[in-house]
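Trainee: Please find one structure pasted underneath; my questions will follow.
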Amino acid sequence: MKHLDLFELNQKIEIMDVGAADINETPIYSSLINNKIGNLNAFEGDERQIEKLKLKYKDSIKLFTEFLFDGSDQYLHLATPESGMTSLFKPNEKVLNFFNSFSHFGKINEIKKIKTSKLNDIEKLPLIDFAKLDIQGSELTVLKNGNLKLAKCLAIQVEVSFVCLYENQPTFGEVDLWMRESGYTPHRFIDIKRWSIAPTIFNDNPRVPGNQLLESDIIYIKDPFRTELLDNEQLKKLILLSHYCFKSYDLSVFFILELEKRKILEKDIFKNYIANIRKFTQ
C-alpha cells in the first residue's frame with residue numbers, strides 16, 4: 001500500500017516556511033515536496049539566500065521576499081549568512097559572551113532599515129496547513145499577525161529559545177502560552193540544542209555541547225482532543241504530516257482511527273498501517 005492509496009487528498013498540503021534560508025539543514029517537510037503531496041510557500045527576506053533557494057527547489061517553490069513582522073518599519077541586523085543569526089532583534093552581547101563562539105556568530109556586519117509586512121496581508125499566500133518559523137526571535141509576532149492565513153493550520157514548527165540571544169526576544173514560555181491559547185498542543189521537540197559555557201571548551205571543539213540548554217524547534221499540533229472540529233481532509237493531512245514530517249506513527253494511527261470511526265476508512269486499516277510502516281517511509 002502507498003500513502004495515496006489510503007489517504008488520497010483533494011488538495012496538496014500547503015506548507016509555509018518563514019526563514020527558509022539554506023544553511024545545510026534538511027527541512028522536515030522535504031518528503032512531502034519529494035512525493036508531490038505538498039506545495040512550498042517560502043519566505044526569505046535575506047537577498048543573499050534567494051538564489052540558493054531557487055537552485056535547491058527549482059519549480060517546486062513559491063518564493064516570497066517580504067520581511068514578516070507586524071507591518072512596521074524595523075532595523076535588520078545582518079550577520080554572516082552561514083551563522084543563521086540575522087535578525088530584526090539586536091543581539092544581546094552579554095548573553096552571546098556567555099557561550100563559546102557566539103560573539104563571533106552574532107557579529108553584525110550591517111544594519112539596514114526595512115519595511116515589514118503582516119502575514120495576514122500577503123494576498124498571494126494560500127491558507128496554510130503546516131507552518132515552519134525560524135526567524136531569530138520574530139516568530140511570535142508573525143504568528144500574532146497571521147491568524148487569518150493560519151486559520152486552518154494543522155501543525156506549526158517554531159524555533160524557541162531557552163536562553164534568549166537577542167534583546168527583547170520572546171521566551172519559550174511566552175511562545176508556548178500563546179500557542180496553547182490558540183488551540184495547539186505541544187507534540188515533540190526537534191533537535192534540542194545545548195552549548196558549552198565560555199571559556200570551558202570540551203575536546204578542543206567549541207561546538208561540543210555542555211549541559212546548558214540553548215534552543216530547539218518544537219512541533220505543535222491542533223488540539224487532538226477536539227477532532228470533531230477537523231474535517232476528513234484535515235485528518236488525512238494530519239496523518240501524512242505525522243508520518244512524513246514528525247515520524248510520529250502512533251499519532252498517525254490516532255487520526256486513522258478517527259477516520260475509521262467516521263467510516264471514511266475501512267475498519268482495521270490502522271493494523272495494516274502499523275504492519276507496513278517501514279514501507280511508507282519514503
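Trainee: Show me the strands (runs of 3 or more DSSP E) entirely contained within the stretch 105-202 in which 1 or more residues are touching a helix residue (DSSP H, G or I) at 6+ places or on another chain (Cβ under 8 Å) and surrounded by 13 or more Cβ atoms within 10 Å (Cβ to Cβ).
Mentor: Numbers: elements: 110-117, 130-133, 155-161, 184-195.
Per the criteria, 130-133, 155-161, 184-195.
Trainee: Conditions first: (1) surrounded by 14 or more Cβ atoms within 10 Å (Cβ to Cβ); (2) in a strand (DSSP E or B). Residue 70 passes all but one, so which condition is the exception?
Mentor: All conditions are met except number (2).
Trainee: Something else: Could you please find all residues in the stretch 198-234 being touching a Ser or Thr at 6+ places or on another chain (Cβ under 6 Å) and charged (D, E, K, R)?
Mentor: 215, 223
Trainee: For the stretch 237-282, how many residues meet the condition of being touching an Asp or Glu at 6+ places or on another chain (Cβ under 8 Å) and part of a helix (DSSP H, G or I)? It would help to see each step written out before you state the result.
Mentor: Going through the stretch 237-282, the residues touching an Asp or Glu at 6+ places or on another chain (Cβ under 8 Å) turn out to be 237, 241, 260, 266-270.
Subsequent filtering for residues that are part of a helix (DSSP H, G or I) retains 237, 241, 260, 269-270.
Total meeting the criteria: 5.
Trainee: While we're here: Pull up the stretch 9-38, narrow it to residues that are among the polar types (S, T, N, Q), in contact with a helix residue (DSSP H, G or I) (Cβ under 8 Å, 6 or more places away or on another chain) and more than 13 Å from residue 245 (Cβ to Cβ), then point me to the one that is surrounded by the fewest Cβ atoms within 10 Å (Cβ to Cβ).
Mentor: That would be 10.
Trainee: Output the residues belonging to the stretch 39-49 that are within 19 Å of the chain's Cα centre (by Cα) and either surrounded by fewer than 17 Cβ atoms within 10 Å (Cβ to Cβ) or outside any helix (DSSP H, G or I) (or both). Give the steps one after another, and end with the answer.
Mentor: At the first step, the residues of the stretch 39-49 found to be within 19 Å of the chain's Cα centre (by Cα) are 39-46, 49.
Matches in the stretch 39-49: 39, 40, 41, 42, 43, 44, 45, 46.
Trainee: OK, next. Given the criteria at pLDDT below 95 and under 30 Å from residue 263 (Cα atoms), does residue 187 qualify?
Mentor: In short, no.
Trainee: Starting from residues that are touching a Pro at 6+ places or on another chain (Cβ under 8 Å) and within 15 Å of residue 178 (Cα to Cα), keep the ones in the stretch 129-140 and report whichever is modelled with the lowest pLDDT.
Mentor: If we filter the stretch 129-140 for residues that are touching a Pro at 6+ places or on another chain (Cβ under 8 Å), which is where we start, we get 132, 137, 139-140.
Now restrict to residues that are within 15 Å of residue 178 (Cα to Cα): 137, 139-140.
Numbers: 137: 94, 139: 97, 140: 98.
Across the stretch 129-140, the extreme among qualifying residues is 137.
Trainee: Another question, then. Suppose the filter is assigned to a loop (DSSP other than H, G, I, E, B), at pLDDT 90 or above and among the polar types (S, T, N, Q); does residue 10 pass it?
Mentor: Values: assigned to a loop (DSSP other than H, G, I, E, B): yes; at pLDDT 90 or above: yes; among the polar types (S, T, N, Q): yes.
When the stated conditions are applied, residue 10 passes them.
Trainee: Another one. Hey, can you tell me all the residues within the stretch 51-67 that are of a type in the set (Val, Ile, Thr) and either touching a residue at least 60 places away in the same chain (Cβ under 8 Å) or surrounded by fewer than 17 Cβ atoms within 10 Å (Cβ to Cβ) (or both)?
Mentor: Scanning the stretch 51-67 gives a single hit, 65.
Trainee: Right, another one. Test residue 54 against the stated conditions and say whether it is in a helix (DSSP H, G or I), modelled with pLDDT of 80 or more and over 25 Å from residue 155 (Cβ atoms).
Mentor: Details: in a helix (DSSP H, G or I): yes; modelled with pLDDT of 80 or more: yes; over 25 Å from residue 155 (Cβ atoms): yes.
Criteria met by residue 54.
The values are calculated or read from the model by the stated rules, or taken from the named source; none is laboratory data. Model, not experiment: these values are computed from the prediction. Because the Cβ atoms are built from the backbone with ideal geometry, glycine has one as well, and the counts that use them run over all protein chains shown.
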